[in-house]
1. Take the alpha-carbon centre of the range 125-162, take the same for the range 37-80, and report the distance between them in whole Å.
2. So if I average 1/r over every pair of distinct C-alpha atoms in the range 54-129 and take the inverse, what Kirkwood radius in Å does that give?
3. Evaluate the relative contact order of the range 21-154 (contact order divided by residue number), counting alpha-carbon pairs under 8 angstrom at least 6 apart; express in whole percent.
4. Just the C-alpha atoms of the range 21-154: what Rg/Rh do they give, with Rh taken as the Kirkwood radius?
5. For the range 63-78, take each phi angle, set θ = phi - 60°, evaluate the Karplus expression 6.51 cos²θ - 1.76 cosθ + 1.60, and give the result in whole Hz per residue in order, putting x for glycine and proline.
6. Listed highest first by mean packing, meaning other Cβ atoms within 10 Å per residue, what order do 68-75, 140-147 come in?
Amino acid sequence: MKLLNRLFGRTKTGEAATDSLTLADAAKKILTAHTSLNKIASDYGAVLASSTAPPPGCVADARKLPHPKEQIKNALVYALGIVEDPQMRSALKICYISLANWQEGVGDIDAGLNVTKIDPSGDIHETAKWIVASEKWLLKARAERESLVGELHKLGLWDSSR
């Protein structure tokens, strides 16, 4: 009710409020928020489509994301709330869950089994050490994926019928 009173410039007694938020101001704020969330989601989509995204089975450092993970999550939840197309909703859910492939503290080199980066003529012991060290990041990413699915369930956004 307070928001409606602010939107329409009413005080408790029905008088015009001097610091009220006009309808035009409210619309501008909503449009600005929509534009910002759209840009965040779009920037993340561009990273997913680029060669900088971690390859399957790998985890990258969260610093490589175009925005903080929480902002991207908020933008994707917003998009899921307004998008009706089932294929687009499915893609947004995959994007949301894919955020688990970025973890804090991984470093400059992606963790995981990226077969394109393994030198077949290199030291097999060093390769094995690297794979074992990567396991913690893969387990952490798997746990976060499960958590992200749980978040979508809680928000009522996991149901594939909508």
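Laboratory data are not the source of any read-out in this text; all were calculated from the coordinates shown. This structure is a prediction, so every number in the text was calculated from the model and none was measured. Every residue, glycine as well, gets a Cβ built from its backbone with ideal geometry; the counts of neighbours run over all protein chains shown.
1. 15 Å
2. On the way: mean 1/r = 0.0695 Å⁻¹.
Hydrodynamic radius (Kirkwood, Cα only) of the range 54-129 equals 14.4 Å.
3. It comes to 28 percent, rounded to a whole number.
4. On the way: Rg = 18.1 Å, Rh = 16.5 Å.
Here Rg/Rh amounts to 1.09.
5. 4, 7, 6, x, 8, x, 3, 5, 5, 5, 4, 4, 5, 5, 5, 4
6. 68-75, 140-147
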